[in-house]
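Written below as structure tokens is the structure these notes are about.
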Amino acid sequence: MTAELTILGIESSCDDTAAAVVRGTPDRAQILSSVVFEQTTLHADFGGVVPEIAARAHAEKIDYCVEDALQQAGITLDAIDAIAVTAGPGLIGGVLSGVMCAKGLSAATGKPLIGVNHLAGHALTPRLTDGVAFPYLMLLVSGGHCQFLLVEGPETYRRLGSTIDDAPGEAFDKTARLLALPQPGGPSVEATARNGNPGKYKLPRPLLDRPGCDMSFSGLKTALLRARDGVVNEHGGLPKQDRHDLCASFQEAVADVLAEKSRRALEIYLALNPTRPVFAVAGGVAANTAIRTALNAVCAKLETEFVAPPLALCTDNGAMIAYAGLARFALGAQDDLTLSARPRWPLDKTSPALLGSGKKGAKA
Ligand code: KG4
Ligand code: ZN
């Protein structure tokens, strides 16, 4: 039996400064504490995350965050077996803040240092929350990411497809801006869509006519802009009901694309004959009820269990980094003080990164 490990996890790759303590084995671990300092208000006036502001805020908050996490777990650094930290991909200034903090703690205490890929943190979360067995299929869908990952082991991932431009969360945020709705756009577009008719505007379903699991969301946003301008030209403004209808039509288009591409990714996954097939989601967009319902329906048809971890663990957090670090450490992996921060770091080494940097950093 593998011995229990206690791991401190540090995350600072985007706009959340986070630290957490996780204890257990790769098959059964529990979260002793998880502290997240959000930066939403700092970036609110800029329509996106400003890397320099983010990096400075991480540097200011990270020590408190680690102290809080240890205190809430009721332990000191002495009880920690290793320090795990997000070493990429992400906004480089933020990643550096976390890596420097972790290196300092490691140098001062002599505790092992483990660099963690942020995407592995998300991808392994269903193991932490639901004990899901390998292999499983994961859709990571947030403001910075959109990709299907076949998770075969803590260090083995196959990317089956990803967005070739915007992430869906980014598209929700831009849609909200175009319709004068508050940020973050996802929740406000979803709320506005509730009273709308999704069939009112015929928005495109990009890349559905092409085989494979790659996706595209930037054309959808342009189509929405055109539809909005059409209404404004006709009425001299945007009537309330049209705003509802535009939101509902946009949301349904995103849900349709994600559902069809998920069906294709599931077919590839199910061909492996997993004993207990599981399709898991992570990322802020997974909070959307219409999208969840659409994905659930695809899973039900293909007799696959749908797993959606609690939202606080779907969005960026330190617990997923601590757990991914635990899984690496249990395999004997360890880094040293030469660990570097990486703006890009694709999980699947055989699939090159498709994307550049968006408002939430590199999307390897
Ligand atoms: O995972 P997350 O907190 O941060 C990163 O992107 O890393 O995801 C935030 C994104 C934002 O773009 C936000 O608009 C979107 O997730 N989001 C939603 C919903 N809640 C948050 N999108 C659609 N529907 C929602 N209910
Ligand atoms: Zn993330």
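Among the GluC sites (Glu not before Pro) within the stretch 1-103, those in coil by DSSP and having at most 14 neighbouring Cβ atoms inside 10 Å are E4. The convex hull defined by the C-alpha atoms of the chain has an orientation-averaged projected area of 17.8 nm². Only helices enter the 222 nm calculation for the chain: every DSSP H run of n ≥ 4 contributes -39,500 (n - 2.57), and dividing by all residues gives -14000 deg cm²/dmol, rounded to 500. Once the Cα-Cα distance is subtracted from the 0.36 nm per residue extended length, the T156 to A300 segment shows a gain of 49.2 nm. How many angstrom lie between the C-alpha centres of the stretch 193-227 and the stretch 268-326? Using only Cα atoms, the two centres lie 23 Å from each other. Taking amide H as placed 1.01 Å from N in the peptide plane, the amide H of W345 sits under 5 Å from that of A364, each at least 5 places away or on another chain. The lysine pair count for the stretch 134-312, using Cα distances under 27 Å and pairs eight or more places apart or on different chains, is 15.
Every number in this text was worked out from the coordinates using simple rules, so none of it is lab data. These numbers were taken from a predicted model, which means no experiment stands behind them. Don't worry about glycine lacking a Cβ; one is built from the backbone with ideal geometry, like all the others, and counts go over all protein chains shown.
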